[in-house]
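Input: a single structure, listed below in structure tokens.
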Amino acid sequence: MSFTYYADLLGVSAYYRLSSTTAYRHLNNFYNTTHSCLFSYCQNHPEVKVNMFSDSLLIWGESEDEIINQLQELYIKLISKGLLLRGAIVSGKLSFEPRITLTNNFTKSLPNDDTIARASGLEKTHKGARLLIENSLAERILGQNLDWLTHDGYLNNLKPEVSIDDMKRRICPTPNNKTYELLYFWFTNHLNELGDSLLDQIFKKLNELSNIYTDDIVVHYKETQRLFKRCQSRRDYTERELRRYR
């Protein structure tokens, strides 16, 4: 099925207040890391489109399951470099109306529908480095596991037949029960080589930075910390309970 994903790199305006050179260095790191993470995937999936502009990332195409796997790796690699990405993925592929242009230096990109508006609107509803998932899209991804649409539904029916590596286990409601998010700090197999030591380093940095900044900045670090703890909690609970079925 089709998707549209929109994200902003947090804190760029603060970097610009320090200096344009500082902001450029962070944006350059963001661009290079994103390119290295998504390059091979985009080569093998020409139907997927990626657009980076300023501090924003826009991706649209088919197969939301596959792109969520790629985004998990991107989030981890960005945050390990001190870059906090906040984004949202919604159902439906962004498309543009065909428009007549009379000059080569005038581009018209009028969206056909509300996909980018829904994605950018959802992205702004929560603080921290989050990967938010539209409610209807979460329901579609979970498919035969609809009881997992609630926290208690997941805890009461762990479904041992579903692989512990399945990304569906990492989709859950946000703490305020308004939408869904990806527990991306709970690694899937293709990221296990990064190891728990990387997670420890990330958490220590988040903890240190959350003691430094003013409230309008520190909230993003604290909310990312809370996400980290939720990821660890669900991972530990799942691993512990599934051992009973072995």
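The values are calculated or read from the model by the stated rules, or taken from the named source; none is laboratory data. The model shown is predicted, which means the values in this text are computed figures rather than measured ones. Here Cβ is always computed from backbone atoms with ideal geometry, including for glycine, and neighbour counts include all displayed protein chains.
Would you confirm whether or not the range 88-100 contains a residue that is closer than 23 Å to Ser36 by Cα and in contact (Cβ under 8 Å) with a residue 40 or more places away in the chain? Among the residues of the range 88-100, at least one is closer than 23 Å to Ser36 by Cα and in contact (Cβ under 8 Å) with a residue 40 or more places away in the chain, which makes the answer yes. Determine, yes or no, whether Ser120 is out of contact with any helix residue (DSSP H, G or I) (no Cβ under 7 Å at 6 or more places or on another chain), farther than 26 Å from Val90 by Cβ and not acidic (Asp, Glu). Here the answer is no, as Ser120 does not meet what is asked. Here is the figure for the range 90-112: residues that are of a type outside the set (A, V, I, L, M, F, W, C), part of a strand (DSSP E or B) and farther than 30 Å from Asp166 by Cβ total 1.
Restricting attention to the range 136-182, and to residues there that are buried (at least 16 other Cβ atoms within 10 Å of the Cβ), touching a His at 6+ places or on another chain (Cβ under 9 Å) and not hydrophobic (A, V, I, L, M, F, W, C), which single residue is nearest to Leu85 (Cα to Cα)? Among them, the one singled out is Glu181. Name every residue in the range 85-112 that is in contact with a strand residue (DSSP E or B) (Cβ under 9 Å, 6 or more places away or on another chain) and more than 23 Å from Lys168 (Cα to Cα), in order of residue number. Scanning the range 85-112 gives Leu94, Ser95, Phe96, Glu97, Lys108, Ser109, Leu110, Pro111, Asn112. The condition of being in contact with a strand residue (DSSP E or B) (Cβ under 7 Å, 6 or more places away or on another chain), of a type outside the set (Val, Ile, Thr) and touching a residue at least 60 places away in the same chain (Cβ under 8 Å) holds for Leu131. If the condition is being surrounded by 20 or more Cβ atoms within 10 Å (Cβ to Cβ), under 15 Å from the mean Cα position of the chain (by Cα) and in a strand (DSSP E or B), then the range 46-75 contributes Leu57, Ile59, Trp60. Across the range 219-230, the qualifying residues are those that are touching a helix residue (DSSP H, G or I) at 6+ places or on another chain (Cβ under 8 Å) and not aromatic (Phe, Trp, Tyr), and the one among them that is surrounded by the fewest Cβ atoms within 10 Å (Cβ to Cβ) is Gln225.
The single condition among (1) of a type in the set (D, E, K, R); (2) closer than 23 Å to Glu62 by Cβ; (3) surrounded by fewer than 18 Cβ atoms within 10 Å (Cβ to Cβ) that Glu123 does not satisfy is (3). In the range 7-22, the residues that are within 16 Å of Ala129 (Cβ to Cβ) reach residues that are outside any helix (DSSP H, G or I) and of a type in the set (Ser, Thr, Tyr) with C-beta atoms within less than 8 angstrom, at least six apart or across chains, in these pairs: Ala7/Ser56; Asp8/Ser56; Leu9/Ser56; Val12/Ser54.
Answer yes or no: is there a residue in the range 19-31 that is crowded, with 18+ Cβ neighbours inside 10 Å, within 25 Å of Thr125 (Cα to Cα) and among the aliphatic types (A, V, I, L, M). The answer is yes, given that some residue of the range 19-31 is crowded, with 18+ Cβ neighbours inside 10 Å, within 25 Å of Thr125 (Cα to Cα) and among the aliphatic types (A, V, I, L, M).
Okay, residues lined up against (1) out of contact with any Gly (no Cβ under 6 Å at 6 or more places or on another chain); (2) hydrophobic (A, V, I, L, M, F, W, C); (3) within 17 Å of Glu73 (Cβ to Cβ):
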| residue | (1), (2), (3) |
| --- | --- |
| Thr115 | no, no, no |
| Arg140 | yes, no, no |
| Asn145 | yes, no, no |
| Trp148 | yes, yes, no |
| Glu161 | yes, no, no |
| Ile171 | yes, yes, yes |
| Lys178 | yes, no, no |
| Phe185 | yes, yes, yes |
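Within the range 76-89, is even one residue touching an Asp or Glu at 6+ places or on another chain (Cβ under 7 Å), of a type in the set (A, V, I, L, M) and either in a helix (DSSP H, G or I) or modelled with pLDDT of 95 or more (or both)? Checked against the condition, which is being touching an Asp or Glu at 6+ places or on another chain (Cβ under 7 Å), of a type in the set (A, V, I, L, M) and either in a helix (DSSP H, G or I) or modelled with pLDDT of 95 or more (or both), the range 76-89 yields at least one hit. For beta carbons closer than 8 Å, sequence separation of 6+ or different chains, a first residue in the range 101-119 that is within 30 Å of Ala138 (Cα to Cα) and modelled with pLDDT under 80 and a second that is not in a loop (DSSP other than H, G, I, E, B) and not basic (Lys, Arg), the qualifying pairs are Ser109/Phe96.
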